[in-house]
Amino acid sequence: MMVLKKFTLSLLSLAALGAALAAPVSAAGAAENNGEALFNQRCAACHQPGGIGTPGLAPPLVNSMLWPALAEQAPAYLWGVLNNGLSGTIEVDGIGYYGLVMPTQADLTAAQMKALAAYVLGDLNGLNVVLADEVLEYARSTPQSHSQLRGVRKNAQ
Ligand code: HEC
């Protein structure tokens, strides 16, 4: 019995090792619930790895003025931008972003949006916010104009 148990366990750990080795190969699968991998796939071309931004092209997403000020509204704002995109002038760290368009990312699944929010708000900005399903559902089902979103952003700061 003991022997059999050990054997099963080592088979299981082999399977786990196999899965870990296979992960980089199937990037799409790996990125499903991994916020950082998704970010690197979907956002880093414009916002740079680590969300440091590209001056004049795409704003930094590490922003100690914006996110703590938004506080519990932060997930709603982030999900609003992902579902609707964003355009119009915004200013971050004294640099203006004019006439640029953040393309909508509404094709992301709910799980991917949650993973991205955990990465951007938690890992990058150190926020401890609740990523509530109702808030995500609202953002996904309720179109918001870009000026509405900029209004939320402006009121917080
Ligand atoms: C094609 C380039 C591009 C891609 C890809 C992109 N963004 Fe953006 N993003 C922008 C631009 C440009 C803006 C600023 C729009 C403006 O000036 O109104 C922006 C704005 C934002 C904002 C608002 C920042 C603020 O200070 O209010 C957030 C949040 C954001 N992006 C998150 C993301 C995330 C997360 C992804 C990946 C899922 C992503 N973006 C992918 C270009 C991009």
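The helices (runs of 4 or more DSSP H) found entirely in region 52-126 that carry 2 or more residues being within 7 Å of the ligand (Cβ to nearest atom) are 74-84. On inspection, Leu131 qualifies as outside any helix (DSSP H, G or I) and more than 10 Å from the ligand (Cβ to nearest atom). Among the residues of region 108-131, not a single one is touching a Gly at 6+ places or on another chain (Cβ under 6 Å) and free of Cβ contacts under 8 Å to residues at least 24 places away in the same chain. Checking the stated criteria, Arg150 turns out not to satisfy the condition of being among the basic types (Lys, Arg), out of contact with any Gly (no Cβ under 9 Å at 6 or more places or on another chain) and surrounded by fewer than 19 Cβ atoms within 10 Å (Cβ to Cβ). Is it true that Leu136 is in a loop (DSSP other than H, G, I, E, B), touching a Phe, Trp or Tyr at 6+ places or on another chain (Cβ under 7 Å), away from the ligand (no atom under 12 Å from the Cβ) and in the same structural domain as Leu38 (by TED's automatic domain parsing)? Considered against the rule, which asks whether it is in a loop (DSSP other than H, G, I, E, B), touching a Phe, Trp or Tyr at 6+ places or on another chain (Cβ under 7 Å), away from the ligand (no atom under 12 Å from the Cβ) and in the same structural domain as Leu38 (by TED's automatic domain parsing), Leu136 comes out as no.
The values are calculated or read from the model by the stated rules, or taken from the named source; none is laboratory data. Since we're looking at a predicted model, the values are computed, not measured. Every residue, glycine among them, receives a Cβ derived from its backbone with ideal geometry; neighbour counts consider all protein chains shown.
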